[in-house]
Amino acid sequence: MTAPAPLRAIRAEWTKLRTLPSTTWLISMAILGTAGLSLAIAGSLDYDHCDTPCVLDTTKLTLAGVRLTQIGILVLAVLATTAEHSTRTIQPTLMAVPRRLLVVLGKLGVLALLGTATGVLAVAASLEAGRAVLPGNGFTAARGFPALSLADDLTRRAAIGTVLYLGLIALLGAGLGLLLRDTAGALTAALALLYGSPIVAMFINDPQWQHRIHRFSPMDAGLTIQATRNLAAEHIGPWAGIGVLSLYATAAVAAGLVVFQFRDAR
C-alpha cells in the first residue's frame, strides 16, 4: 500500500537531512554545547559572593547556554532549505514531489521535530548540570533555592518554553532559507535578527527605546520564558515573549512559502 503524499514528503526530507554529515555535528554541538555552557555558568556562581538578599535566577542562568548554541539549530535549518538550491538538486525533488506545498511542509515538519527533540535533550542535560553543581556552591533549598526540578511550576515552564523556543528558531531559520535561497545570506539575516537588536540596545541611551527594542527582539523576548524570579523586571511576559518569536517565525515561513511557491526552482 502506497503511503500518502504528505507522509512520503516527510520521509524524503528526513532521509535527506539524516544523511547529511553536518546534521549530527550540528545537533551534537547544540546539545553538548548547551550542557557545557550550563555547567560552566552554574559552576561560576557562588552564594557567598551574591548580594544580600540573593535574587539570582539560577534556572534562567542554567539555561542561558541556549543563547549561543541555538546557532547550531539555526545553521541546520538554513542548510536544510538552501543546500538543494546550491547543489541544483531541488529540481529532482520537485519532480518526485510536484506539489511544492508538500515539499515545504515536509521540510518544516522534520525541522520543527528535530529542533524540539534537540531542545529536550539540551534542556534536560542543562538542568541536570545545574542540579549537580548549584547545591555545592551554596544554592540550597534552605537558602531559598530548591533543586532544579520539573516538579516546580516555574522551572517546568522555563524548560518547556526553552524547548519550544528552539523549535521556533528552527522554523525561523527554515523560513529565511526558503525566502533568500542563499546559505550565507539567510544565516546573516537570521543572526542579525537574533543578535543585532540586543547590540543596538546597548548603544541606546533612552530607557524607553531600550525597553521597546528588548520587548520586540525575537531572542530577548523569546528567552524571557526562562525567567523564574523578579518577573516584573522583564521587558515582556514569558508567554507573550514566545508569542513575539512565533510571529517572527510565522512571517519568515509565510514569506518563504509564497516565494518558493511562485518562483522558478533553479
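The values are calculated or read from the model by the stated rules, or taken from the named source; none is laboratory data. All of these numbers come straight from a predicted model, not from anything done at the bench. Cβ: placed from backbone, ideal geometry, glycine included. Neighbour counts: every protein chain shown.
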Within the stretch 78-88, considering residues that are of a type in the set (V, I, T) and surrounded by 13 or more Cβ atoms within 10 Å (Cβ to Cβ), the one modelled with the highest pLDDT
V78
Positions within the stretch 22-60 being more than 20 Å from A122 (Cα to Cα) and in a loop (DSSP other than H, G, I, E, B), in sequence order
L45, D46, C50, D51, T52, P53, C54, V55, L56
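Name the one entry in D51, D57, D46 that is free of Cβ contacts under 8 Å to residues at least 24 places away in the same chain and more than 23 Å from G175 (Cβ to Cβ). Outline the logic, then answer.
On the way: D57 fails: free of Cβ contacts under 8 Å to residues at least 24 places away in the same chain; D46 fails: free of Cβ contacts under 8 Å to residues at least 24 places away in the same chain.
That would be D51, the only listed residue that is free of Cβ contacts under 8 Å to residues at least 24 places away in the same chain and more than 23 Å from G175 (Cβ to Cβ).
Look through the stretch 97-124, keep the residues that are among the small types (G, A, S) and surrounded by fewer than 18 Cβ atoms within 10 Å (Cβ to Cβ), and return whichever of them is nearest to D57 (Cα to Cα).
Restricting attention to the stretch 97-124, the residues satisfying the condition of being among the small types (G, A, S) are 106, 109, 112, 115, 117, 119, 122, 124.
Now drop any that are not surrounded by fewer than 18 Cβ atoms within 10 Å (Cβ to Cβ), which leaves 109, 117, 124.
Details: G109: 34, A117: 25, A124: 18 Å.
Step by step, filter the stretch 97-124, then rank; the result is A124.
Yes/no matrix, rows are residues, columns are (1) within 23 Å of T15 (Cα to Cα); (2) hydroxyl-bearing (S, T, Y); (3) in contact with a strand residue (DSSP E or B) (Cβ under 6 Å, 6 or more places away or on another chain):
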{"residue": "V103", "(1), (2), (3)": "yes, no, no"}
{"residue": "G109", "(1), (2), (3)": "yes, no, no"}
{"residue": "T118", "(1), (2), (3)": "yes, yes, no"}
{"residue": "A129", "(1), (2), (3)": "no, no, no"}
{"residue": "V133", "(1), (2), (3)": "no, no, no"}
{"residue": "A142", "(1), (2), (3)": "no, no, no"}
{"residue": "A151", "(1), (2), (3)": "no, no, no"}
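Of the residues G167, G161, which single one is touching a Ser or Thr at 6+ places or on another chain (Cβ under 8 Å) and small (G, A, S)?
Going through G167, G161 in turn, just one is touching a Ser or Thr at 6+ places or on another chain (Cβ under 8 Å) and small (G, A, S): G167.
Please count how many residues of the stretch 8-38 are exposed (fewer than 14 other Cβ atoms within 10 Å of the Cβ) and either among the polar types (S, T, N, Q) or modelled with pLDDT under 85 (or both). Walk me through it before giving the result.
Within the stretch 8-38, the first condition is being exposed (fewer than 14 other Cβ atoms within 10 Å of the Cβ), and the residues that meet it are 11, 15, 18-19, 21, 24-25, 28.
Okay, now just the ones that are also either among the polar types (S, T, N, Q) or modelled with pLDDT under 85 (or both), so 11, 15, 18-19, 21, 24, 28.
Counting residues in the stretch 8-38 that are exposed (fewer than 14 other Cβ atoms within 10 Å of the Cβ) and either among the polar types (S, T, N, Q) or modelled with pLDDT under 85 (or both) gives 7.
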From the list L257, L231, L245, L223, pick out the single residue that is exposed (fewer than 14 other Cβ atoms within 10 Å of the Cβ), in contact with a helix residue (DSSP H, G or I) (Cβ under 9 Å, 6 or more places away or on another chain) and either modelled with pLDDT of 95 or more or not small (G, A, S) (or both).
L231
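Give the residues of the stretch 31-54 that are farther than 21 Å from G144 by Cα and hydroxyl-bearing (S, T, Y), sorted by residue number.
Restricting attention to the stretch 31-54, the residues satisfying the condition of being farther than 21 Å from G144 by Cα are 31-37, 40.
Listed by number, the list holds a single entry, T34.
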Residue among L223, L150, L180, L168 that is under 24 Å from L245 (Cα atoms) and in contact with a Lys or Arg (Cβ under 6 Å, 6 or more places away or on another chain):
L150
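Test G144 against the stated conditions and say whether it is closer than 22 Å to L76 by Cβ and not polar (S, T, N, Q). Give the derivation first.
Working: closer than 22 Å to L76 by Cβ: no; not polar (S, T, N, Q): yes.
So G144 fails the test.
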Given the conditions (1) in contact with a Pro (Cβ under 6 Å, 6 or more places away or on another chain); (2) under 30 Å from C54 (Cβ atoms), which single one is not true for I213?
(1)
